[in-house]
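Visitor: Quick one: the structure is below, questions incoming.
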Amino acid sequence: MINPFKKVQAKISRPSQLGVRIVAGISIWLWIVSGCGKPPVLIKRYIFDYPAPAATGRPALNAGLKVEQLAVAQAYNTTAMVYQAEPFKSDAYHYHRWRVNPGFLVTDYLVRDLRNSGLFKAVWGATSSDDCRFRLEGGVAECLEIDRPEGWQAALGLHLTLLDLDHQEITRRVMFQKNYRALEPLVEKTPEGLAQAMSQAMQRLSIQIINDLYQAIHQRLGAPSAS
């Protein structure tokens with residue numbers, strides 16, 4: 001005897017399987033349309049680019065200097081290229097970033113420039129385990145693009161402290177504590193223009209910092225102040 005329910009079950013199951021296939025096909029199609037086949041978004045990454053300040057011909061000091069890794073204010077503690085289009089607000093370029101955190105950029109270029117100056121017996125970076133009498137530490141207080149109707153500028157601000165570790169008293173150990181700030185206009189109102197202007201700001205601050213370090217250590221070593 002033929003069971004009449006078998007035909008009914010077959011009729012019910014076939015549309016169900018077909019429906020599953022249709023849903024799966026639609027899902028795959030939506031996945032393809034939503035992203036598959038599109039080229040990946042290209043993120044451009046930037047570094048500083050400027051020639052190291054040239055040696056001035058002053059005699060090298062018989063002293064080594066260690067540059068500690070600079071900290072970064074939390075608002076700029078990122079590889080994002082931050083800009084401020086209006087007061088109290090900040091944003092960042094979506095597809096343009098610094099290669100590394102501004103603290104690493106500034107530290108690396110400052111160490112490079114100090115070494116290239118030839119004004120010190122040796123210059124060590126933060127990863128060095130060598131003991132050194134003089135130590136520079138501090139942080140990046142500001143690293144952003146400021147957009148104003150009168151013009152766009154790259155703003156770079158640092159705060160630095162020079163220490164003489166031969167002294168225990170804090171009044172003798174701290175040789176100076178200074179704030180540095182540079183504003184450079186953007187020739188092009190683009191992320192590339194920001195990288196160029198920020199490089200010029202770093203170059204200008206680097207020259208000031210090297211001169212201040214040389215003068216302070218020169219005096220601490222007991223020599224008359226250099227002109």
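The values are calculated or read from the model by the stated rules, or taken from the named source; none is laboratory data. All values reported here derive from a predicted model rather than from experimental measurement. Every residue, glycine among them, receives a Cβ derived from its backbone with ideal geometry; neighbour counts consider all protein chains shown.
Visitor: Can you tell me which residue is farthest from residue 165 (Cα to Cα) among those in segment 77-114 that are charged (D, E, K, R) and modelled with pLDDT of 95 or more?
Guide: Among those residues, the one meeting the criterion is 91.
Visitor: Another question, if that's okay. Could you identify the single residue in 155, 201, 122, 197 that is in contact (Cβ under 8 Å) with a residue 40 or more places away in the chain, farther than 30 Å from residue 89 by Cβ and not charged (D, E, K, R)?
Guide: On inspection, the qualifying residue turns out to be 122.
Visitor: Looking only at segment 153-168, how many residues end up being outside any strand (DSSP E or B) and either aromatic (Phe, Trp, Tyr) or modelled with pLDDT of 85 or more (or both)? Steps first, please.
Guide: First, the residues of segment 153-168 that are outside any strand (DSSP E or B): 165-168.
Now narrow it down to the ones that are either aromatic (Phe, Trp, Tyr) or modelled with pLDDT of 85 or more (or both): 165-167.
Within segment 153-168, residues that are outside any strand (DSSP E or B) and either aromatic (Phe, Trp, Tyr) or modelled with pLDDT of 85 or more (or both) number 3.
Visitor: If you don't mind, there's one more thing I want to ask. Kindly list the number of the only condition in (1) over 19 Å from residue 182 (Cα atoms); (2) more than 12 Å from the chain's Cα centre (by Cα); (3) loosely packed, with under 15 Cβ neighbours inside 10 Å that fails for residue 99.
Guide: For residue 99, the exception is condition (2).
Visitor: Let me ask something additional. Which ones in segment 156-181 are more than 20 Å from residue 212 (Cβ to Cβ) and either among the charged types (D, E, K, R) or under 22 Å from the mean Cα position of the chain (by Cα) (or both)?
Guide: 169, the sole residue that qualifies.
Visitor: Across segment 185-205, which residue is nearest to residue 48 (Cα to Cα) among those that are under 17 Å from the mean Cα position of the chain (by Cα) and not hydrophobic (A, V, I, L, M, F, W, C)?
Guide: 199
Visitor: Among the strands (runs of 3 or more DSSP E) confined wholly to segment 42-84, which include 1 or more residues that are under 16 Å from residue 145 (Cα atoms), touching a Pro at 6+ places or on another chain (Cβ under 6 Å) and of a type outside the set (Val, Ile, Thr)?
Guide: 80-84
Visitor: For segment 96-109, state whether one or more residues are on the phi > 0 side of the Ramachandran plot and assigned to a loop (DSSP other than H, G, I, E, B).
Guide: no
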